[in-house]
Amino acid sequence: LNVHETLDASVQRLFIATEPGTYIRPHRHPQPHKREFFLVLEGEIDLLIFDGAGSVQQRTAMSPSAARAVEVPPNVWHAYVCKQSGTLALEVKAGAYIPTPEEDFAPWSPAENTEGASAYLAWMRDARPA
């Protein structure tokens, strides 16, 4: 649910509701001003940070009682895994909104709704830093 009024707003604020089984494909925001601030309001997620080859470099458990907020720097491969039903987060980043082009989705990860996406999500649920 977007909180900003237009897609060209200079600050993009949106609520993101997810459930276990939701696949967030690893991606990056290469523009130098696209830091992504992520705050978990309810539920639990694990934020995954990857290197360019797809190895997990960092895994951060996030919930209202653990690490609640994280800022992902520009050009960092990231995704998250929903761990609890009813998870709700707030994402804030600089605008304007730019749809993620294919080259900013991790080439080592399957696209949403394709063969292999379910297996990759299952791997992400337990993947640990190398």
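Return the loop-located GluC sites (Glu not before Pro) in region 29-130 (DSSP other than H, G, I, E, B) with at most 15 other Cβ atoms within 10 Å of their own Cβ; answer none if there are none.
Working: sites: Glu36, Glu42, Glu44, Glu71, Glu91, Glu102, Glu103, Glu112, Glu115; in loops: Glu44, Glu112, Glu115.
Passing both the DSSP loop test and the Cβ count: Glu112, Glu115.
Tell me, what % of the accessible area of the chain is carbon and sulfur with a 1.4 angstrom probe? Don't skip to the end; give the middle numbers.
Values: 3690 of 6840 Å².
About 54 percent, which is the carbon plus sulfur part of the accessible surface.
Put +1 on the Cβ of each Lys and Arg and -1 on the Cβ of each Asp and Glu in the chain; which of Thr18, Ala67, Asn2 then has its Cα farthest toward the positive end of the dipole?
It is Ala67, whose Cα lies furthest towards the positive end.
Can you tell me, using C-alpha contacts under 8 Å and at least 6 residues apart, the relative contact order of region 1-94 as a whole percent? Provide the component values of the computation, followed by the final result.
Numbers: 227 pairs, mean separation 40.6, N = 94.
That works out to 43 percent.
If you take every DSSP beta bridge whose two residues both sit in the chain, what share of them, in percent to the nearest 5, is antiparallel?
Working: 33 of 34 bridges.
Roughly 95 percent of the beta bridges in the chain run antiparallel, per DSSP.
Under 10 Å, Cα contacts only: if you run a Gaussian network model on the chain, which one of Ile49, Ile24, Ile98 comes out with the highest mean-square fluctuation?
Checking each option, the largest mean-square fluctuation is seen for Ile98.
Work out, in µm²/s and without decimals, the Stokes-Einstein translational diffusion coefficient of region 6-130 at 37 °C, 0.692 mPa s, Rh from Kirkwood over C-alpha pairs. List each step's numbers first, then the result.
Details: Rh = 14.8 Å.
Stokes-Einstein gives a translational diffusion coefficient of 221 µm²/s.
Against the globular-protein guess of 2.2 N^0.38 Å, express the Cα radius of gyration of region 81-130 as a ratio, rounded to two decimals. Before the final figure, lay out each step's value.
On the way: Rg = 13.9 Å, N = 50, 2.2 N^0.38 = 9.7 Å.
Here the Cα radius of gyration is 1.43 times the empirical estimate.
The values are calculated or read from the model by the stated rules, or taken from the named source; none is laboratory data. The structure displayed is predicted, hence computed values, not measured ones. Virtual Cβ from ideal backbone geometry, glycine too; neighbours counted across all protein chains shown. Side chains are part of the model used for accessible areas, which takes the heavy atoms of the whole protein and leaves out ligands, DNA and RNA. Shrake-Rupley method; radii C 1.70, N 1.55, O 1.52, S 1.80 Å.
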